[in-house]
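Chemist: Quick one: the structure is below, questions incoming.
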Amino acid sequence: MQVVYSPEHRVHAPAECMSASGPFRHREVPQRAEAILAALEADRRFVIVPPGDPVMNALEEVHAADYRAYLAEIHAAWISAGEAPSIVVPELFPGRGGRRAGRHPANRAGWFGTDTFTPILAGTAEAAREAARCALTAVDLLLAGEERLYALTRPPGHHAGRDFHGGFCYFNNAAVATAHLARETGGRIAVLDIDAHHGNGTQEIFYASEHVLTVSLHADPNEEFPYYWGYAEETGIGPGEGLNLNLPLPLGADDSLYLPTFARALERIAAFAPRYLIVSLGVDGIADDPIGHLSLAPEIFGILGHNVRALGIPTLVVQEGGYRITHLGTCVRDFLSALD
Ligand code: SP5
Ligand code: ZN
């Protein structure tokens, strides 16, 4: 299986951030991608390839122009405005009750940002764009006839919406890949999100789309990030009605609950009969993940990959979360080897 990877993610290396429980050491760090890469490099079934020069139109289709401009410019604007510290962290959160983003860097950060733990560093925009480039390169390989691919994307993407960042995500790599595939093939794409957190960005981007089925398994948003989305009654709207399936699980759910729920997700996807499948692969559902709150055994990912393979649909896997560095590589490798 080909693995699209770029070392450029390293320029996004958040250190300490703020949360309600005080400052905490950021977990979405370059070592994550390096651990996954090392595990795949050690296995001869995987071939690591650099991103090519894909058409990036889908990034513009998925993310609003003002948001893309903000992401590219805000760090420099923040520094020249004399804001401290040297990372952009919103301090005001107008919600969508505000009228406009305004001009001041701190105000703009609160308009496009949704939390205090998704900071913008000097290299963030570049790393986010490079991750989207990896995903789009993988899509081109899929369109050229490869059946199964993996984009080792970092920073992750599934919490990023059309014009907002959050949950460690800036550009929605899975959504960008999906939009490109949908445009090139006329639609019928399914997205299966198995990160421990609800894929709110992906859901919102395709909520009214008749071309894309979105399915997410995740910890109950009453108890877990992203809190404001991910409930079972969110089923899509307009032409997208019936094409969003949320399968929330109680906090601490283990394999015995996860596996039958996963089977329901696959049944829904099989019924939709998509031409392509995108998997948002987060492995933060394992029991000792420091961020996720499910209780899966690390060995479950081989079973999940095997079951996805049984669908027989050309599949692109995009990396989302997973923060227990010592388990990341094996969980991802097990999923991909079983899928291949
Ligand atoms: C892609 C992905 O998995 N994003 C997950 C975002 C969840 N963020 C929750 C961060 C909460 C920070 N609280 C830290 C408390 C430390 N005691
Ligand atoms: Zn997650």
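Rule-based calculations on the coordinates, nothing more; no lab input. Every value quoted in this text rests on a predicted model; they were computed, and no experiment measured them. Counting neighbours? That spans all protein chains shown, and the Cβs are built from the backbone with ideal geometry, glycine included.
Chemist: May I ask you to list the trypsin sites (Lys or Arg not before Pro) in the stretch 242-340 that are in a DSSP loop and have at most 13 other Cβ atoms within 10 Å of their Cβ?
Modeler: none
Chemist: Using +1 at the Cβ of each Lys and Arg and -1 at the Cβ of each Asp and Glu in the chain, identify which of Ala271, Val308, Ala84 lies farthest towards the dipole's positive end.
Modeler: Ala84
Chemist: Rounded to the nearest 20 Debye, what is the dipole magnitude of the stretch 53-114 about its Cα centre when Lys and Arg each give +1 and Asp and Glu each give -1 at the C-beta? List each step's numbers first, then the result.
Modeler: Working: 6 positive and 7 negative charges, 76 e Å.
Computed about the Cα centre, the dipole is about 360 debye.
Chemist: Same structure, new question: Please give the FRET efficiency for Arg264 paired with Thr185, using the beta carbon to beta carbon distance and R0 = 30 Å, rounded to the nearest 0.05. Each step should come with its number before you reach the end.
Modeler: Details: r = 26 Å, r/R0 = 0.87.
For Arg264 and Thr185, the calculated efficiency is 0.70.
Chemist: Whole-Hz Karplus ³J(HN,Hα) for the stretch 149-154, in order, using 6.51 cos²θ - 1.76 cosθ + 1.60 and θ = phi - 60°, x for Gly and Pro?
Modeler: Per residue, the Karplus-derived 3J(HN,Hα) values read 9, 9, 9, 7, 8, 7 Hz.
Chemist: So how tilted is helix 325-339 from the main axis of the chain? Cα-based, degrees 0 to 90, rounded to 10.
Modeler: 40 degrees
Chemist: On a 0 to 90° scale, report how tilted helix 124-143 is relative to the longest principal axis of the chain, with both axes built from alpha carbons and the result rounded to the nearest 10.
Modeler: Helix 124-143 and the main axis of the chain meet at about 30 degrees.
Chemist: Also: Could you state the number of Å between the C-alpha centres of the stretch 162-241 and the stretch 94-139?
Modeler: The distance from the Cα centre of the stretch 94-139 to that of the stretch 162-241 comes to 18 Å.
Chemist: Okay, next question. Taking the Cα centre of the chain as the origin, how large is its charge dipole in debye, to the nearest 20, when only Lys and Arg (+1) and Asp and Glu (-1) carry charge on their Cβ atoms? Walk me through the numbers before you get to the answer.
Modeler: Details: 25 positive and 41 negative charges, 107 e Å.
Dipole magnitude for the chain comes out near 520 debye.
Chemist: Want the number for Arg309 to Ala271: 0.36 nm per residue separation, take away the alpha-carbon distance, what's left?
Modeler: 12.1 nm
Chemist: Please go through the stretch 235-335 and write out the GluC sites (Glu not before Pro) that DSSP classes as loop and that have at most 13 other C-beta atoms within 10 Å.
Modeler: Counting only loop positions with at most 13 other Cβ atoms within 10 Å, the GluC sites (Glu not before Pro) in the stretch 235-335 are Glu241, Glu299.
Chemist: How large are Rg and Dmax for the chain when calculated on the C-alpha trace, in angstrom?
Modeler: 18.5, 55
Chemist: Can you compute the charge dipole magnitude of the stretch 20-168 about its Cα centre, using +1 on each Lys and Arg Cβ and -1 on each Asp and Glu Cβ, nothing else charged? Give it in debye, rounded to the nearest 20.
Modeler: 420 debye
Chemist: Could I ask something else about it? Quick one: if you stick a label point 7 Å off each Cα along the C-beta vector at Leu92 and Ala287, how many nm between them?
Modeler: 4.8 nm
Chemist: Taking 22 Å as R0, compute the FRET efficiency from the Cβ-Cβ separation of Glu126 and Arg25 and round it to 0.05.
Modeler: Approximately 0.40, to the nearest 0.05.
Chemist: Report the full-extension gain for the segment Glu223 to Glu146: residue separation times 0.36 nm, less the Cα-Cα distance, to one decimal in nm.
Modeler: 23.8 nm
Chemist: So what is the 222 nm mean residue ellipticity for the chain from helices alone, if each DSSP H run of at least 4 adds -39500 (n - 2.57) and you divide by all residues, rounding to the nearest 500 deg cm²/dmol? Please report the intermediate quantities before stating the final value.
Modeler: Details: 10 runs with 124 residues, N = 340.
So the helix-based figure for the chain works out to -11500 deg cm²/dmol.
Chemist: Could you order the peptides 42-48, 32-38, 216-222, 189-195 from most to least packed, using the average number of other C-beta atoms within 10 Å per residue?
Modeler: On the way: 42-48: 11.6, 32-38: 20.3, 216-222: 21.9, 189-195: 27.6.
Going from most to least packed, we get 189-195, 216-222, 32-38, 42-48.
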